[in-house]
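Below you'll find the structure, written out as structure tokens, and then a few comments.
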Amino acid sequence: MSTVYFLIVVVLVLTAYFLGARKASGAVAGGRGEWHSLPAYHGLFSASAVFIPMLALYAIMAPLAASYIDSAALSQFDPALVAEPLQRGALMRDASALAAGQYAGAPTPELQAAANSLNSTRVVTSWLILIIGCLAGLGAMQYARTRISPAFRARNSFEQITTIVLLACSAVAVLTTIGIVFSVLFETLRFFSKVSPIDFLFGLQWSPQTAIRADQVGSSGAFGIVPLVAGTFLITFIAMLIAAPTGLFAAIYMAEYASPKIRSIIKPILEILAGVPTVVLGFFAALTVAPLIRGWGEQFGLTVASESALAAGIVMGMMIIPFVSSLSDDVINAVPQALRDGSYAMGATKSETIKRVVLPAALPGIVSAMMLAMSRAVGETMIVVMAAGLAANLTLNPLEAVTTFTVQIKTILVGDQEFDSAKTLSAFALGFVLFFFTLILNFIALRVVQRYREQYD
Amino acid sequence: MDASTRTPTLSHNPRILAERETKIVAHDVNVYYGEKHAIKDLSIDIPDRAVSAFIGPSGCGKSTFLRSINRMNDTIPSCRVTGDILVDGKNIYDRDLDVVQLRARVGMVFQKPNPFPKSIFENVAYGPRIHGIAKSKADLEEIVVSSLKKASLFDEVKDRLDHSGTSLSGGQQQRLCIARAIAVNPEIILMDEPCSALDPIASARIEELIDEIRQNYCIIIVTHSMQQAARVSQLTAFFHLGDLVEFGDTDEMFTTPKDKRTQDYITGRFG
Ligand SMILES: Nc1ncnc2c1ncn2[C@@H]1O[C@H](COP(=O)(O)OP(=O)(O)O)[C@@H](O)[C@H]1O
Ligand SMILES: [Mg+2]
């Protein structure tokens, strides 16, 4: 039925457009002189006058209808049965199956009644939606047609409608973000009712296993995030140690030294590297880099864990090189040629010019490229899972196994969960801290970029 | 075009050349951008301690020739220069000549002010630092201050030498660029339409400044304003489609041009 509804929407919108445009252009035949807007704008105005109410009505009526259908069907059953959520779900499934003619076995009279109710209310509500929608659409079309006149500023009105639609779309994005933050915040607060924030933020031990029965071994978990902070920091640090210079120098080469031809080859290749799925990089880290490092370490008589922060950090560094290099390349290219000319004309060589003029001018942009790359590294999970392990060691030794925020969140939430244990809730608290951290990074990056913009506008 | 129209109509040897030493001698210079022939068999003598103006319709090669005097054309891959340009009798296209040193002797000011996004002080100190001119920190400060004074900018910025050069007004920025060029003690200063991005008042200040410093430098200024050429220069060269059509004393050029094309341009018939 909703397919029919939207077909009708399309037909009405197109009709409204053509009627609107025709009315305006038909009247125009004698000369455009006194018409404010072009016919196409009258058409667009009419079309959006039809489209928006029909869409909005559907968005409001469809969920209302769905809940009415359900409650009508459920009213056929014993209220005591319906009160239990699991029971209610099972009853609804059975009733739907019966209504669709796919129920195996003999239905009870209540079930039969519910199925009948489903069938009838569905038909009624969808016709209702269809009729209300069509009436609204036709009404809107009529209203739009009466407004079409030489003096009507259809272009400005359409502009306003566009603005409102764009605003609504960005509001959706913002509201989603706010919703996510609040749901995580809410769960985090629940977590803090079980574990004190002080223990959480400053505890030196992380082992989230809480026993189900009080007499089990290790019955209480430890929720100190310091080992995770250390692990995240260590891996990110190693990654940046590799990605920052490599990416920056690659960018300088591409922007300043490479011929256009070489640049057109290297840049896409680097961007392919950015597109490699992290799972693939993860097994590259675990199966190739980690054994290599262990081999080297043993030659020097070092004990290297088979899963090490170093292996994960190196591969993660390789993953984020393209972020650094591609963004830095863009900002270096954005440095005006006039500055380079000014420097050359003073007798500076190419490398002096890059060092003293180009890089300082591009510095804010480069810093923000680094920040973005860093928040990528902090948020990365797969490589760490596969190459650095799960052990929450509190160490800064890159040869040991460590673990990070994202890995712990993933580990905690994989598999069957009790949704109110401290263990499960701790994932939300971790997520919240992580969110806060990347927020700060992005904020710094944003501020730096703003300063950069001011300089050249 | 036959050879006779290519040879510049010398206005019986400009007077100014008889009074001053010759600083730059160009002989049969040709400049190409790939296939495009931008300067054709150009020969000119440019006097020291005077202002020479290059005028002509846009695209006639004024900037191109100017940029071949400090070899800025080297930075354009497709650009090729043939012929000889001599500064103080020494060919600047010689293999053993170091462009770094050449550009320290030949300063340049661009059409659009292009201060570096550094402090005012650092902008002026840029050249001295690169060329190791200052012996000490005090020395450097001395150079910066005297350069700013010569560019008649010091009084306006003396309290905020640590502010960004880009925070100045357009005219101040251009004077900062002149100070930056002066700071390395050049002998020649090339200016490519230095006032075209400025308002009339800022332009007038630059013109005044050029007039003040001309005793000490060989200045070449490209300009699209004939009034400006008439006001600031002692010698004017008129370019047309890659040819140097005519050059001579400015006052004569504007009163009694020898060539029909010069006359048309000056009287505003094209350009
Ligand atoms: N970088 C370049 N590449 C190719 N052609 C150029 C380049 N710069 C200038 N030209 C050409 O050379 C001619 C002279 O240019 P230019 O010296 O800039 O003229 P002017 O400064 O007198 O306006 C013009 O026809 C211009 O199109
Ligand atoms: Mg020019």
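The values are calculated or read from the model by the stated rules, or taken from the named source; none is laboratory data. The structure displayed is predicted, hence computed values, not measured ones. Neighbour counts run over all protein chains shown; Cβ positions are idealised from the backbone, glycine included. What goes into the accessible areas is simple: the full protein's heavy atoms, side chains included, and nothing from ligands, DNA or RNA. Shrake-Rupley method; radii C 1.70, N 1.55, O 1.52, S 1.80 Å.
Points to keep in mind about this one:
- Along the axis of the charge dipole computed for the range A:2-163 (Cβ charges of +1 for Lys and Arg, -1 for Asp and Glu, origin at the Cα centre), the listed residues A:Ala136, A:Ala56, A:Ala40 are led at the positive end by A:Ala40.
- Using only the C-alpha atoms, the convex hull of the range A:2-163 corresponds to 115 Å³ per residue.
- Where trypsin sites (Lys or Arg not before Pro) fall in DSSP loop in the range B:86-135, at most 13 other Cβ within 10 Å: B:Arg95, B:Lys135
- Within 10 Å of each Cβ in B:174-183, the average number of Cβ atoms from other chains: 1
- Compared with the dominant principal axis of the Cα atoms in chain B, helix B:120-131 is inclined by about 70°.
- Candidate lysines for bridging to B:Lys90, where Cα separation is under 16 Å - those fewer than 8 sequence places away on the same chain excluded: B:Lys23
- Residues of the range B:118-135 buried by at least 30 Å² on assembly (accessible area, 1.4 Å probe, chain alone as reference): B:Lys118, B:Tyr126, B:Ile130
- Within a straight-line Cα-Cα reach of under 16 Å, B:Lys150 can be paired with the following lysines, leaving aside sequence neighbours fewer than 8 residues apart in one chain: B:Lys158.
- Accessible area (Å², per residue) of the range A:2-163, counting only protein heavy atoms and a probe of 1.4 Å: 56
- Restricting the range A:1-72 to trypsin sites (Lys or Arg not before Pro) in coil, as DSSP defines it, with at most 14 other Cβ within 10 Å: A:Arg32
- For chain B, a crude dipole built from +1 on the beta carbon of Lys and Arg and -1 on the beta carbon of Asp and Glu, taken about the Cα centre, is about 460 debye to the nearest 20.
- With at most 16 other Cβ atoms within 10 Å, longest stretch of chain B clear of loop GluC sites (Glu not before Pro) (DSSP): B:36-271
- Along chain A, the longest continuous region that contains none of the chymotrypsin sites (Phe, Trp or Tyr not before Pro) in a DSSP loop with at most 12 other C-beta atoms within 10 Å is A:1-299.
- Residue-averaged beta-carbon neighbours from other chains (10 angstrom radius) around A:338-344: 6
- Under 17 Å from B:Lys135, Cα to Cα: lysines that are on another chain or at least 8 residues apart: none
- Amide H contacts of B:Phe239 (H built 1.01 Å from N, under 5 Å, at least 5 apart or other chain): B:Ile55, B:Gly56, B:Val245
- Helix runs (DSSP H) in chain A reaching 20 Å along axis by Cα, Kyte-Doolittle at least 0.0: A:2-28, A:39-74, A:85-99, A:109-147, A:154-194, A:226-252, A:260-275, A:309-334, A:359-379, A:422-456
- Carbon-plus-sulfur accessible fraction, the protein assembly as shown (probe radius 1.4 Å, protein heavy atoms only): 62%.
- In this calculation the C-beta distance from A:Ser71 to A:Thr176 is compared with R0 = 25 Å, giving a FRET efficiency of 0.30.
- Using every pair of separate Cα atoms, the Kirkwood estimate puts the hydrodynamic radius of the range A:222-456 at 19.3 angstrom.
- Largest-first ellipsoid semi-axes for the range A:153-204, taking √(5λ) over the Cα gyration tensor eigenvalues, angstrom: 46, 9, 5
- Interface size A-B, as summed buried accessible area [1.4 Å probe, Å², nearest 100]: 1600
- Overall form of the range A:324-376 per C-alpha gyration tensor (a/c, 1.5; a/b vs b/c): prolate
- Oblate is the label for the protein assembly as shown, because the ratio a/c of its alpha-carbon gyration tensor axes (a ≥ b ≥ c) is 1.5 or higher and a/b is not greater than b/c.
- q = 0.10, 0.12, 0.16 Å⁻¹: log10 I(q)/I(0) that the Debye formula gives for chain B, counting C-alpha atoms only: -0.50, -0.73, -1.24
- Shape category assigned to the range B:50-107 from the gyration tensor of Cα positions, a/c cut at 1.5: oblate
- Angle in degrees between helix B:200-213 and the longest Cα principal axis of chain B, rounded to the nearest 10: 90
- The range B:55-209: projected area of the alpha-carbon convex hull, averaged over directions, in nm²: 10.4
- Cα long-axis angle, helix B:170-182 against chain B (0 to 90 degrees, to the nearest 10): 90
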